[in-house]
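The values are calculated or read from the model by the stated rules, or taken from the named source; none is laboratory data. Computed from a prediction, not measured in an experiment: that's the story for all the values here. Cβ coordinates were reconstructed from backbone atoms using ideal geometry, including for glycine residues, and neighbour counts include every protein chain displayed. We work out accessible area using only protein heavy atoms, side chains counted, and drop any ligands, DNA or RNA first. Shrake-Rupley method; radii C 1.70, N 1.55, O 1.52, S 1.80 Å.
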Amino acid sequence: MEEKMTDKMCPNCNDHLFYIEYYTEIPYEGKITIMTYLCKSCHYRDVSIKRHDIGKPKILKLKIKNKNDLKTIVYRSPDASIKIPEIEAEISPGVASRGYITTVEGLITSIKEKLSLMDSHDAIFIEERINNILKNNSEEITLIIDDNSGKSKINSGRVEIIEK
Ligand SMILES: [Zn+2]
C-alpha cells in the first residue's frame, strides 16, 4: 500500500492528509477499491469504497411464511432499498450506506428499532404487529429488495427475481 501526501487538509487539525488506495475482492460485491484519507497528527480518517463489479438492476421478493423463513440469510448491497409493504416499512440506501449480511429477522428487527424512535400511535401499532410476526408468524409478509447494483441476495430457493 502506497501512501501519498496530498494538498487536502485535515478538517480537525489542518495538517496535510495522506491518501491510501487499496484494491481487493470481497464476497458478494467482487472487486472494490478502498480509498482512505488519513491524518497522521490526529488520526482523522475518511474512507470511501468504489465498487467495480456492478450487476444488472433487480428486484428480489420473498414471502415470509414461517419461522424458518425468518432465518433466511440476506445480503443487502449498499444500493438496495428494502420494503415490507404489509407493514408499510421501507429502508432506503443512505448516503454512506454499506453492504451487510443479516437475516430476514435481523432486517425486521432493525425496522422495529427505527419505529421505536418515532413517537406516534401508528408506530406503536406497527411495532406490536412486528413483535407478533417475529414471535408467532401472526401474518404473512413480503420482503422486497430493490437493488440497482443487482448484488443483493436472499438465500432461499423460493426467492422471486425480477430483472428491471
Ligand atoms: Zn488531523
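Before moving on, here are some points about what is shown:
- Each of Ala89, Asn66, Ile133 was placed along the dipole of the chain (beta-carbon charges, centred on the mean Cα), and the one lying farthest toward the positive end is Asn66.
- Simple label model, 7 Å out from Cα along Cβ direction - Val159 to Lys71, nm: 1.8 nm
- Probe 1.4 Å, accessible area per residue of the range 58-163, Å²: 56 Å²
- At R0 = 22 Å, FRET efficiency that the Cβ-Cβ distance of Cys42 and Ser97 yields, to 0.05: 0.25
- Split the chain at each of the chymotrypsin sites (Phe, Trp or Tyr not before Pro) in a DSSP loop with at most 15 other beta carbon atoms within 10 Å, and the longest piece is 45-164.
- When the solvent-accessible area of the chain is split by element, carbon and sulfur atoms take up 50 percent of it, the probe being 1.4 Å.
- Calculated on the Cα set of the chain, radius of gyration then Dmax: 19.8, 58 Å.
- Per residue, the range 3-51 exposes an accessible area of 68 Å² to a 1.4 Å probe, with every protein chain left in place.
- Taking the centroid of alpha carbons for each part, the range 107-164 and the range 1-73 are 25 Å apart.
- One way to sum up the overall shape of the range 3-51 is the equivalent ellipsoid from its Cα gyration tensor, whose semi-axes run 25, 9, 7 Å, largest first.
- Compactness relative to 2.2 N^0.38 Å, alpha carbon Rg of the range 84-148: 1.14
- Spin-label model distance (nm) - Thr142 vs Phe125, 7 Å beyond Cα toward Cβ: 2.2 nm
- Charge tally in the Cβ shell below 10 Å around Asp79, where Lys, Arg are +1 and Asp, Glu are -1, Asp79 excluded: +1
- Spin-label pair Ile26-Lys61: with each label point 7 Å from Cα along the Cα-Cβ axis, the two points sit 3.0 nm from one another.
- Within the range 103-164: Cβ-based charge dipole about Cα centre, in debye rounded to nearest 20 (Lys, Arg +1; Asp, Glu -1): 260 debye
- Charge dipole (debye, nearest 20) of the chain; +1 at Cβ of Lys and Arg, -1 at Cβ of Asp and Glu: 480 debye
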